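What follows is a single structure, and I will ask about it in a moment.
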């Protein structure tokens, strides 16, 4: 894709925080809860739906649905957990269910939920489906521990589904974003690195992960991802952008060098985990072209920021094309493997 000759737009111009942030906290919940954060998001008719992660006072998480006609206020929250762990039937959920990402699958006429199931062996990726966010069908685990930060693409590529996820192994050199394929949403293979965590002093060195599900745009699949910077004062979670080819999603067209959103305000800097902005859902308003990004602040609340899709695409198109890699993640220059 041709590079834009202008400098990238400053990151502060892209996503603007809503003045009423945080829009949801545990104080809004109809039953006792410790914290509310990291919600999947979607639009169903005139209703915004958040599938929020709720941590109870044991430290275990479940998922609860909140509905709003304007996506900002007057939330109608289910009176009890909407999607609670079932460790007796699904032992991979022994210590809770976390961080859902929601994808509408047109050909299946249902929503696919990718979520983290917290097993006794560590976190892993599981899938579930729903048509109404009132009843749910578990499809089961699809990736072994340790793996999380997953979302399914809304359509097939050829005859295969695709999923983005973030595996981590003990002693590994960095935690990278991977892409895998499946004929049936159950059996997954053709695993390869999609985005590598950078090294050294970068904001996204050593550990990255997908944030909301990929968004289909005329320019490509828009990816918002988080990078984790380890500092003497603790970790900082910040956000960057990438653009993937529409028909070959393993091809990364552009990737931002700079982070575009970072913890700055008190509800993002101070909480159960300080210095975190963590979106699991975003919604594009087709009428206005506005993106609504719902994110967890400091693992303690839910907040909202908005941006114009055209501005975001202008920015990411102006970002550099990353070094070319084959589907194993090996980088090539002039046909030769490089470090």
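Only one of these is in contact (Cβ under 8 Å) with a residue 24 or more places away in the chain, within 29 Å of residue 48 (Cα to Cα), buried (at least 19 other Cβ atoms within 10 Å of the Cβ) and in contact with a helix residue (DSSP H, G or I) (Cβ under 8 Å, 6 or more places away or on another chain): 126, 119. Name it.
126
Within the group 61, 82, 73, which residue is out of contact with any strand residue (DSSP E or B) (no Cβ under 9 Å at 6 or more places or on another chain), in contact (Cβ under 8 Å) with a residue 40 or more places away in the chain and under 21 Å from residue 295 (Cβ atoms)?
Of 61, 82, 73, the one residue that is out of contact with any strand residue (DSSP E or B) (no Cβ under 9 Å at 6 or more places or on another chain), in contact (Cβ under 8 Å) with a residue 40 or more places away in the chain and under 21 Å from residue 295 (Cβ atoms) is 73.
Same structure again: Can we say residue 71 is more than 18 Å from the chain's Cα centre (by Cα), in a loop (DSSP other than H, G, I, E, B), at pLDDT 95 or above and surrounded by 21 or more Cβ atoms within 10 Å (Cβ to Cβ)?
yes
Now a separate question. Filter the stretch 256-269 down to residues that are part of a helix (DSSP H, G or I) and in contact with a strand residue (DSSP E or B) (Cβ under 7 Å, 6 or more places away or on another chain) and give me whichever is surrounded by the most Cβ atoms within 10 Å (Cβ to Cβ).
By that ranking, first place goes to 268.
Next up: Go through the stretch 210-223 and give me each residue that's in contact (Cβ under 8 Å) with a residue 60 or more places away in the chain and surrounded by fewer than 21 Cβ atoms within 10 Å (Cβ to Cβ).
Matches in the stretch 210-223: 215, 216, 217, 219.
When you scan the stretch 131-142, do you find a residue that is in contact with a helix residue (DSSP H, G or I) (Cβ under 7 Å, 6 or more places away or on another chain) and touching a residue at least 24 places away in the same chain (Cβ under 8 Å), even just one?
yes
For the stretch 211-223: of the residues being in a loop (DSSP other than H, G, I, E, B) and out of contact with any strand residue (DSSP E or B) (no Cβ under 6 Å at 6 or more places or on another chain), which is farthest from residue 238 (Cα to Cα)?
Top of the filtered list is 218.
To keep it simple, each residue is scored yes or no on (1) out of contact with any helix residue (DSSP H, G or I) (no Cβ under 6 Å at 6 or more places or on another chain); (2) touching a residue at least 24 places away in the same chain (Cβ under 8 Å); (3) part of a loop (DSSP other than H, G, I, E, B); (4) buried (at least 19 other Cβ atoms within 10 Å of the Cβ).
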position: 186; (1), (2), (3), (4): yes, yes, yes, no
position: 192; (1), (2), (3), (4): yes, yes, no, no
position: 208; (1), (2), (3), (4): yes, yes, no, yes
position: 225; (1), (2), (3), (4): yes, yes, no, yes
position: 242; (1), (2), (3), (4): yes, yes, no, yes
position: 254; (1), (2), (3), (4): no, yes, no, yes
position: 278; (1), (2), (3), (4): yes, yes, no, yes
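Can you report the number of residues in the stretch 194-206 which are surrounded by 21 or more Cβ atoms within 10 Å (Cβ to Cβ) and either more than 18 Å from residue 245 (Cα to Cα) or touching a helix residue (DSSP H, G or I) at 6+ places or on another chain (Cβ under 7 Å) (or both)?
The number of residues fulfilling the criteria is 2.
Residue 317 - would you say it is at pLDDT 95 or above, farther than 18 Å from residue 22 by Cβ and outside any strand (DSSP E or B)?
It is true that residue 317 is at pLDDT 95 or above, farther than 18 Å from residue 22 by Cβ and outside any strand (DSSP E or B).
Quick grid of which residues meet (1) surrounded by 20 or more Cβ atoms within 10 Å (Cβ to Cβ); (2) more than 16 Å from residue 291 (Cα to Cα); (3) modelled with pLDDT under 95:
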| site | (1), (2), (3) |
| --- | --- |
| 7 | no, yes, yes |
| 15 | yes, no, no |
| 18 | no, no, no |
| 31 | no, yes, no |
| 38 | yes, yes, no |
| 54 | yes, yes, no |
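To keep it simple, each residue is scored yes or no on (1) farther than 26 Å from residue 45 by Cα; (2) at pLDDT 95 or above; (3) in a helix (DSSP H, G or I); (4) under 15 Å from the mean Cα position of the chain (by Cα).
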residue: 100; (1), (2), (3), (4): no, yes, no, yes
residue: 118; (1), (2), (3), (4): yes, yes, no, no
residue: 155; (1), (2), (3), (4): no, yes, no, no
residue: 170; (1), (2), (3), (4): yes, no, no, no
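Here's a follow-up. Against the condition modelled with pLDDT under 95 and surrounded by fewer than 23 Cβ atoms within 10 Å (Cβ to Cβ), how does residue 232 come out, does it pass?
yes
Residue check, residue 192 against (1) modelled with pLDDT under 95; (2) over 30 Å from residue 110 (Cβ atoms); (3) touching a strand residue (DSSP E or B) at 6+ places or on another chain (Cβ under 9 Å), all met but one. Which one?
(2)
The values are calculated or read from the model by the stated rules, or taken from the named source; none is laboratory data. Only a predicted model underlies this, so the values are computations on that prediction, with no experimental measurement involved. Because the Cβ atoms are built from the backbone with ideal geometry, glycine has one as well, and the counts that use them run over all protein chains shown.
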